[in-house]
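Shown next, in structure tokens, is the structure this report addresses.
The values are calculated or read from the model by the stated rules, or taken from the named source; none is laboratory data. Just so it is clear, the model here is predicted, and its values are computed rather than measured. Counting neighbours? That spans all protein chains shown, and the Cβs are built from the backbone with ideal geometry, glycine included. Remember, those area values only see protein heavy atoms, side chains included, never the ligands or the DNA or RNA. Shrake-Rupley method; radii C 1.70, N 1.55, O 1.52, S 1.80 Å.
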Amino acid sequence: SSSCGSPASRFSNTCPISNSRTSRRITRQLPSTRRTRPGSSSERRNASSWLSGFSTSGWRAVLSEDFTFENARRLIHAIAGHVKEHPDFGYRSKEYRQLSGEHAESDAPVVVIGHDPRFLGEQFALEAAEVFASAGVRVISSQGDTPTPVVAWSVIEEGAVGGVVITASHNAGNYNGI
């Protein structure tokens, strides 16, 4: 097993950020994800546009059109909120505690993040890790291109609540996804 700060296999742990330089960077980045009042008609129009690529396999969109850092941050922020706000589905549930065994010592949930070799995949994965960390979710992040099944295996191996893979799977090269 690995703990905050000790790398395991091809993954490294990222703890909730306490470094003031990094925290300032996140503080500057995250507010930019909300340019309109929450729930405003403008925000609903923008959300319906970029969410059109959302399906049961996640969200996929054309890079730099709808798949942007701003929209990726929005989605990851929503995922982090769900993980923290719904203990009956997440890391506080009885089933999770039984499955995680020795990993249950922390109250902070853990998410595994991986990415494929697509353009900017590593940068989107790092951005996702920063958003999760700023929300108080610990991250185990791949140190290179990682197949989706490796992330799924790592979720179970590390006792994480879930995994996020930056990939557009079989879609064309000008797409990416979460």
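For the reader, a short list of remarks on this structure follows.
- Taken over region 113-123, the criterion of being part of a helix (DSSP H, G or I) and open to solvent by 10 Å² or more (accessible area, probe 1.4 Å) is satisfied by E122, Q123.
- Near pairs, Cβ below 6 angstrom, 6+ apart or cross-chain, from region 112-133 (of a type in the set (F, W, Y)) to any residue that is outside any helix (DSSP H, G or I): F124/I166; F132/V111; F132/V139
- Search result, residues across region 71-102 that are part of a helix (DSSP H, G or I), open to solvent by less than 40 Å² (accessible area, probe 1.4 Å) and either modelled with pLDDT under 80 or in contact with a Ser or Thr (Cβ under 7 Å, 6 or more places away or on another chain) (or both): R73, Y96, S100
- Subset of region 146-156 (residues that are of a type in the set (A, V, I, L, M), open to solvent by 40 Å² or more (accessible area, probe 1.4 Å) and closer than 12 Å to D116 by Cα): V150
- Reported count of residues in region 157-177, each being assigned to a loop (DSSP other than H, G, I, E, B), in contact with a Gly (Cβ under 8 Å, 6 or more places away or on another chain) and open to solvent by 30 Å² or more (accessible area, probe 1.4 Å), is 3.
- Selection within region 133-149 - over 22 Å from S55 (Cα atoms) and in a helix (DSSP H, G or I): A133, S134
- Scanning region 130-145 for residues that are open to solvent by 10 Å² or more (accessible area, probe 1.4 Å) and under 9 Å from the mean Cα position of the chain (by Cα) turns up just one, E130.
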